[in-house]
Amino acid sequence: MPAQVINGKEIVSAYRAQIKEEAAQLTQQGVQPGLAVIIVGDDPASHVYVRNKAKACEEAGMYSEVHQLEAATSEADVLALIESLNQNPKIHGILVQSPLPKHISEEKIVEAIAVHKDADCFHPVNVGNLMIGKEGPAPCTPAGVIAILKKIGYDIAGKHAVVIGRSNIVGKPMAILLLRENATVTVVHSKTPNMAEITRQADILVAAVGKAKMIKKEHVKPGAVVIDVGINRLDTGKLAGDVDFDDVLDTASYITPVPGCVGPMTITVLLRNTLEAAKRALQSQVNV
Ligand code: NDP
C-alpha cells in the first residue's frame, strides 16, 4: 500500500488559525505581535522566503516589517539596524534571512539580536537553553517537524529516529528535539560510511541534506515515517526534496510532500515564536 502523503496544507492551516486567534487576543490587550525580517542582497530564493514570511504574518493579524538592504550594505549598518529593532517595542521577533553576503559575519549578526527577540533560535544563548531543556524560542524547522508528527498522531517515544544532516539550523536541533520526545536518535552525515544500513533502521527518517532526490527506497525501512526537509531547485525550475518521493512512496507509511509541508510549517513556528515573545513582552509590562 502506498504511503499516506501528509497533508501539509491542512496541518498548517489548523496551527495558523490557533495562532491568529491568540494574536487577536493579544492585540486587544494592547500588544500586536510584530516580526522584523532583514534581507541583504538579491538572492531570488531568499526574497521569496521573506515575502512568504511577511504574508504569513499579515494573514495571522501580526505586524511585520521587511528591511531590504543592498548587497553592499556594511556589517556595521546591519548591526545598527538590529540594535534599533532590539529597542523597538513594536517588534517582538527579529529574523535575518540567510545567506548573507560574504563581508558580513553571520555569527556577529546572530549574536547582535536580543536573546528575547531571536525568532529562529539561532542565538548561542537560546541554542544552549535548547540543549539543557530550558524555555526559549523553538528552532523553526525542527519544531515544525515535531508538530507535524504530533498532528498525524505518531507516537515518537521509544522509536528510532535517524536524522540525515548535522547543520546548526536543522540536523543538530532536530536531533535534540527528537531526544526530548524520547526517541532513540542517530545522526548521519557526509562522513558516515554505509549510511543506508543505518537509515534502514529508522522508524522516523528525517532528511536534511540539500541534495535533490538522494534518499531512495533502499534507504527506507518498510513502514517508516519519512520527513523531507530538503528544498532543492531542479534545472527544470521545479522544487524537489532530498527524498525521491516516487521511489519511496510504496515503502514508507507516511511521507511529506515538497513543496507544501515542512516549509510552510517552518514559517508557522516562526509566527508562534513571535507570538510567544509578544506574550512575554505583555507579561513584563504587567509585572512592572
Ligand atoms: P547544510 O548544507 O548546512 O547541511 C547539510 C547536511 O547534510 C550536512 O550535515 C552534511 O554533512 C550532510 N550531507 C551532505 N551530503 C551528504 C551525503 N551525501 N550523505 C549524508 N549526509 C550528507 O544544509 P541545511 O541543514 O541548512 O539544509 C538542508 C536542506 O534543508 C536544504 O535542502 C535546505 O534548503 C533545506 N531547508 C529547508 C527548510 C524548510 O523550511 N523546509 C529550512 C532550512 C533548510 P557534513 O556536515 O558532513 O557536511
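With the requirement that a residue be in a loop (DSSP other than H, G, I, E, B) and over 15 Å from the mean Cα position of the chain (by Cα), what does region 154-171 give you? Passing the criteria: Tyr154, Asp155, Ile156, Ala157, Gly158, Lys159. If we scan region 21-31, do we find a residue that is closer than 23 Å to Ile82 by Cα, in contact with a strand residue (DSSP E or B) (Cβ under 8 Å, 6 or more places away or on another chain) and either surrounded by fewer than 20 Cβ atoms within 10 Å (Cβ to Cβ) or β-branched (Val, Ile, Thr) (or both)? The answer is no; no qualifying residue exists.
Among the residues making up region 125-153, those that are surrounded by 19 or more Cβ atoms within 10 Å (Cβ to Cβ), in a loop (DSSP other than H, G, I, E, B) and either within 16 Å of the ligand (Cβ to nearest atom) or more than 17 Å from the chain's Cα centre (by Cα) (or both) are Pro137, Ala138, Pro139. Scanning region 55-78 for residues that are in a helix (DSSP H, G or I) and surrounded by fewer than 17 Cβ atoms within 10 Å (Cβ to Cβ) yields Lys55, Glu58, Glu59, Glu75, Ala76, Asp77. Taken as a whole, region 180-196 holds at least one residue that is within 12 Å of the ligand (Cβ to nearest atom), touching a residue at least 24 places away in the same chain (Cβ under 8 Å) and over 29 Å from His123 (Cβ atoms). Gln32: part of a strand (DSSP E or B), among the polar types (S, T, N, Q) and touching a residue at least 12 places away in the same chain (Cβ under 8 Å), yes or no? So Gln32 does not fit the description; no. When residues in region 249-266 are screened for being within 16 Å of the ligand (Cβ to nearest atom), in a loop (DSSP other than H, G, I, E, B) and either under 14 Å from Ala14 (Cα atoms) or out of contact with any helix residue (DSSP H, G or I) (no Cβ under 9 Å at 6 or more places or on another chain) (or both), 1 of them pass. The set of residues in region 95-124 being without any contact (Cβ under 8 Å) to a residue 24 or more places away in the chain and either surrounded by fewer than 16 Cβ atoms within 10 Å (Cβ to Cβ) or assigned to a helix (DSSP H, G or I) (or both) consists of Lys102, Glu106, Glu107, Val110, Glu111, Val115, Pro124. Just one of the listed residues (Ile146, Ile156, Ile82) is touching a helix residue (DSSP H, G or I) at 6+ places or on another chain (Cβ under 7 Å), more than 28 Å from Ile255 (Cβ to Cβ) and either in contact (Cβ under 8 Å) with a residue 60 or more places away in the chain or of a type in the set (A, V, I, L, M, F, W, C) (or both), namely Ile82. Once region 208-227 is narrowed to residues that are more than 18 Å from the chain's Cα centre (by Cα) and among the β-branched types (Val, Ile, Thr), the residue that is nearest to the ligand (Cβ to nearest atom) is Ile215.
Every number here is computed from the coordinates shown, using simple stated rules; none is lab data. Bear in mind that the values here come from a model prediction, so they are computed numbers and not experimental data. All Cβ positions, glycine included, derive from the backbone under ideal geometry; neighbour counts span all protein chains shown.
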